[in-house]
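Values quoted throughout were computed directly from the atomic coordinates according to the rules given, and no laboratory measurement underlies them. Please read these numbers as outputs of a predicted model, since none were measured by experiment. Positions of Cβ are generated from backbone atoms using ideal geometry, with glycine treated the same way; all protein chains shown enter the neighbour counts.
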Amino acid sequence: MSLGSVPLKYKISIDRDQCMKCMRCVDNCSYGVYRIEDDRILIDSRRCTACHRCISMCPRDAISLQEKPVDYRSHPLWTAQAREDIINQARTGKIILAGMGNAMDYPIIFDRLVLDACQVTNPSIDPLREPMELRTYLGKKPAKLEFTKSDKGDIELKTELAPNLKLDTPIMIGHMSYGAISLNAQLSLAKAVAKTGTFMGTGEGGMHESLYPYQNNMIVQVASGRFGVDINYLERGAAIEIKIGQGAKPGIGGHLPGEKVCSDVSCTRMIPLGSDAISPAPHHDIYSIEDLAQLVRSLKEATEWKKPIFVKIAAVHNVAAIAAGIARSSADAVVIDGFRGGTGAAPKVFRDNVGIPIEAAIAAVDQKLNDQGIRNEVSVIASGGIRSSADLAKSIALGADAVYIGTASLIALGCRVCGNCYRGLCPWGIATQQPDLVNRIDTDVGSQHVANLIHSWTLELSELMGAAGINSIESLRGNREKLRGYMLDESMLKVLNVDPVGA
Amino acid sequence: MCGIIGVIDRTRARMDGSSIKKALSLMNERGSGEGAGYVAYGIYPDYPDCYAIHVFFDNLVEPKSKVDEVLQKWGRIVHQEEIPTYEQPCLKREHIPWRYFYKPYTEFIVGSNNPAEDIIKHLVMTVNSTIPGSLIFSSGINLGVFKASGWPEDVANFYRIEDYKGYIWLAHNRYPTNTSGWWGGAHPFNLLDWAVVHNGEITSYGTNRSYVESNGYKCTMSTDTEVVAYLFDLLGRRHGLPSEMIVEALAPSFWDEIDILPEKEQKLKRTLRLTYGPALMNGPFAIVVATSNGIVGFTDRIKLRPLVVGENDSRLYISSEEAAIRVMDPDVKTIYMPRAGEPVVGRFSQ
């Protein structure tokens, strides 16, 4: 017996009075929603992903999109999504794949936190007139300074600083590999970080030659598949990141389908053309914290202790203790990826159900490192669902040194968060390797948009800090006094170590 | 607001408290009559090797017996007495100020470079956070804090500070916003040899507090000033930084200034700033810190609070207002205003 079709997700309609049949929608839709028959544009709404490419390209605003055009009988437990997933799995017998971040309606802690500003007892600082310092150094810091006395009695600094990354703004772009995203997308991001004095991650996909001019602003990644890793790659990076886990899919590995492994991707990843690139769930040389410490040391040795090493973990229940373990290795920074972190593809059940929110994870990690007296010796980088300069400021006040943004930087390149990245047909030229689609990104224009985004958040962060009477980012970091919880329950406030509004 | 003033005699000649009382009262416009205090170094020459522990007791029954007990566990009380006070019509007595002259048993702890001081610090933190009705507000050798809620002259007369003679004095006239009317909230704040008077509001308090707490201090006074004392204790006593370097850590040069320094100096300042980032104090402040070795005054990095320096031979004055210095010393020879974040250091000549 056939299960029949499920209702449409989106309904596309064209205002025929407005339409001038320029065919831009037909040309732009890579999912095949539009086709021409007898000089008429026909619509197959079932193919639509709500990527908005057609809408944004239509010169007459003739296209409209309606979400959920067909209702299910409403039911609080058996949501439309639950029913459709079951139908889907009854048909296929497979794990459901999904793109982008967690799509469940969990409360967003960022939106229940408010920032502080000065009134009377202390003056706010105007960033237009006074210096405002956002410069951030990522890497190991000494616990204290040591001095020696020379024969003449002069005091000489004995402490040598470990190499640190110098950021002009505490916003970096997270790891999105060549393969998961296109080379033009990576190039746009790379030019943007070079312009704004910050860094981006290569992801686990090696570094394509055309990115070499930006290598001083790139953090190379060593993940469980070790794709693209050789000494040349390690030495090109400004820093090296060991990826243990990812917020969108904690506890599992990755899978780049063979269709996406074109010749360029295959060279960069150092794998055969057209083969699936499967990253195992664990690193098979890391089964314990001491194994991780060994890998950190090995990478340090390989690069002569010249590069900071980051370790990225997904925010899971025990994140604080794990981060404390990492801080005890030679690692320079811990990256915490919250459960709203994006992904090209993840099993939906993981994306939506595994891990904890980044806000709670940062607070817990900061607290644990403080309790152990080692907070300032290691940097903490937060990622996973940071949407605005407010989220950035709140992340830092909760204890992060800097953040990684991923989805936000892709939105600056056109992404509309349709969540179909894993299909390789991204009409914006981001999550695809099809040359015609990839060429839709002009890297000069794209990089300017991403740089604009970083610049505007930087300006907003400066204003927020100035209003709070702070002129240096160090004084916002972990400064819970600058946060209040609004309608958060007592146990959550305790985890965040934040007072409620009015207190 | 708040008004501060400090003086050091660089030849260790001792001054009684009458002139600083006058200077502080002159700045009454900066206060609200809800808190004032004084600290003097060199006032207990009869007990040169005892920690002078000043305590506010709510009564002399439970709190005092508990404090006696914990002090006796950790050391020997050489002498104890109520601090002499004299009723003032405009000052409401909230606590009984008491003092112990005390020697800790240094063999009781291991792993410390300075067991006596670490025991005293432990006692201060323990008493203040666990024994209700008692507050240790002064804990150094040969020095003492005298403070209460009231106008400067009433507080001075309450303790008769003209009866004490010291070679360093700091004083503070308070306009409270955080903890009004609480004697413990008045300045100076003291821990061991460090005393602090502070005008301003530290916007980095949350960060500074986490940092000192992660280094074993407990903030118990619900005010931002106490972290200054702890930061000085941590950086000065435990990490051994000289005063100028502590000030550079707490109110560092801007990166733009550091970037153009000669390489060696640049490296020092960058290392200092990276190592002590969480100790950086932000927000408007003018602070004078004292130890038995001298005083240091400084402001925040953009000087959002006033600070004036006066000199007359062996005397160095640091104050919120020039007028206060001139009341203390009408013959003062030089007066100048230090730059933002620049330390003003007064050390003894020998």
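When A:Ser74, B:Ser210 are arranged by Cβ crowding within 10 Å, least crowded first, meaning fewest neighbours, the order is A:Ser74, B:Ser210.
Projected over all directions and averaged, the alpha-carbon convex hull of the range B:211-281 occupies 4.8 nm².
The equivalent ellipsoid of the range A:1-126 has semi-axes of 38, 28, 13 Å, largest first, where each one is the square root of 5 times an eigenvalue of the Cα gyration tensor. Explain nothing, just the number: relative contact order of the range B:258-302, from Cα pairs under 8 Å at least 6 residues apart, as a whole percent. Contact order relative to length: 25 percent. Distance between the modelled labels on A:Lys166 and A:His284, one decimal in nanometres: 4.3 nm (7 Å Cα→Cβ projection).
As a rough guide to protection, the peptides B:279-289, B:6-16 ranked by mean Cβ packing within 10 Å, highest first, stand as B:279-289, B:6-16. In the protein assembly as shown, the alpha-carbon atoms span a convex hull of 203 Å³ per residue.
According to a simple spin-label model (label point 7 Å from Cα along Cα-to-Cβ), what is the distance in nm between A:Asp154 and A:Ser263? Rounded to a tenth, the inter-label distance reads 6.2 nm. Kirkwood analysis of the range A:363-449, using all unique Cα-Cα pairs, places the hydrodynamic radius at 15.2 Å. For the Cα atoms of chain A, what angle does the longest principal axis make with the long axis of helix A:443-467, in degrees from 0 to 90, nearest 10? The two axes meet at around 50 degrees. For the residue pairs A:Lys312/B:Lys267; A:Lys158/A:Lys300; B:Lys21/B:Lys333; A:Lys140/A:Lys166; B:Lys22/B:Lys147, the C-alpha atoms sit more than 19 angstrom apart in A:Lys312/B:Lys267; A:Lys158/A:Lys300; B:Lys21/B:Lys333.
Need the C-alpha centroid separation for the range A:336-382 versus the range B:109-127, integer Å. Using only Cα atoms, the two centres lie 37 Å from each other. Note on the range A:202-295: Rg/Rh from C-alpha atoms, Kirkwood Rh, equals 0.97. The trypsin sites (Lys or Arg not before Pro) found in the range B:66-115 that occupy coil by DSSP, while having at most 16 further C-beta atoms within 10 Å, are B:Lys92, B:Arg93.
The aspartates and glutamates whose alpha-carbon is closer than 15 Å to the alpha-carbon of B:Lys165, local same-chain residues fewer than 8 away aside, are B:Asp9, B:Asp16, B:Asp46. Of the beta bridges in the range A:159-500, as assigned by DSSP with both residues counted there, near 10 percent are antiparallel. With a Förster radius of 22 Å applied to the beta-carbon distance between B:Asn28 and B:Glu162, the computed FRET efficiency rounds to 0.75. Here the range A:87-121 and the range B:188-210 have alpha carbon centers that stand 40 Å from each other. Bridge orientation summary for the protein assembly as shown: considering DSSP beta bridges with both residues in this region, about 75 percent are antiparallel. Using the Cβ-Cβ distance between A:Leu3 and B:Asn113 with R0 set to 51 Å, the FRET efficiency works out to roughly 0.10. The range A:247-292 and the range B:300-350 have Cα centres lying 65 Å from one another. Using a 10 Å cut-off around each Cβ, can you sort A:Met465, A:Met492, B:Met245, B:Met328 from fewest to most neighbouring Cβ atoms? Result, fewest neighbours first: A:Met492, B:Met245, B:Met328, A:Met465.
Restricting the range B:66-149 to chymotrypsin sites (Phe, Trp or Tyr not before Pro) that sit in a DSSP loop and have at most 14 other Cβ atoms within 10 Å of their own Cβ leaves B:Tyr86, B:Tyr105.
Averaged over the residues of peptide B:266-277, the number of Cβ atoms from other protein chains lying within 10 Å of each residue's Cβ is 6.
Histogrammed with a bin width of 20 Å, the alpha carbon distances of chain B distribute as 32, 60, 8, 0 percent, first bin at zero.
Averaged over the residues of peptide B:234-240, the number of Cβ atoms from other protein chains lying within 10 Å of each residue's Cβ is 2.
Scan chain A and hand back the longest stretch that contains none of the GluC sites (Glu not before Pro) lying in DSSP loops with at most 15 other Cβ atoms within 10 Å. Counting at most 15 other Cβ atoms within 10 Å as exposed, the longest clean stretch of chain A is A:305-503. Principal-axis analysis of the Cα atoms of chain A puts helix A:183-196 at an angle of about 40° to the longest axis.
Computed on the range B:3-347, with alpha-carbon pairs under 8 angstrom and 6+ residues apart, the relative contact order is 24 percent.
The helix-only estimate of mean residue ellipticity at 222 nm for chain B, built from DSSP H runs of length n ≥ 4 each weighted as -39500 (n - 2.57), is -8000 deg cm²/dmol after division by the residue total. Measuring between alpha carbons in the structure, the pairs from A:Lys9/A:Lys348; A:Lys141/A:Lys368; A:Lys144/A:Lys494; B:Lys66/B:Lys121; A:Lys306/A:Lys482; A:Lys243/A:Lys348 lying more than 26 angstrom apart are A:Lys144/A:Lys494; A:Lys306/A:Lys482.
The chymotrypsin sites (Phe, Trp or Tyr not before Pro) found in the range A:17-95 that occupy coil by DSSP, while having at most 16 further C-beta atoms within 10 Å, are A:Tyr72, A:Trp78. The Cα atoms of the range A:159-500 cover 54, 43, 41 Å along the three principal axes, with the biggest extent listed first.
Summing +1 for each Lys or Arg and -1 for each Asp or Glu among the other residues whose beta-carbon sits under 15 angstrom from that of B:Val7 gives +1. Applying 1/(1 + (r/R0)^6) with r as the Cβ-Cβ distance of B:Gln72 and A:Val501 and R0 = 35 angstrom yields a FRET efficiency of 0.15.
The mean number of partner chain beta-carbon atoms within 10 angstrom of a residue's beta-carbon across peptide B:243-254 is 1.
Going from the fewest other Cβ atoms within 10 Å to the most, the residues A:Cys19, A:Cys415 appear in the order A:Cys19, A:Cys415. Placing pseudo-labels 7 Å out from each Cα toward the beta carbon at B:Thr130 and B:Gln266 gives an inter-label distance of 5.1 nm.
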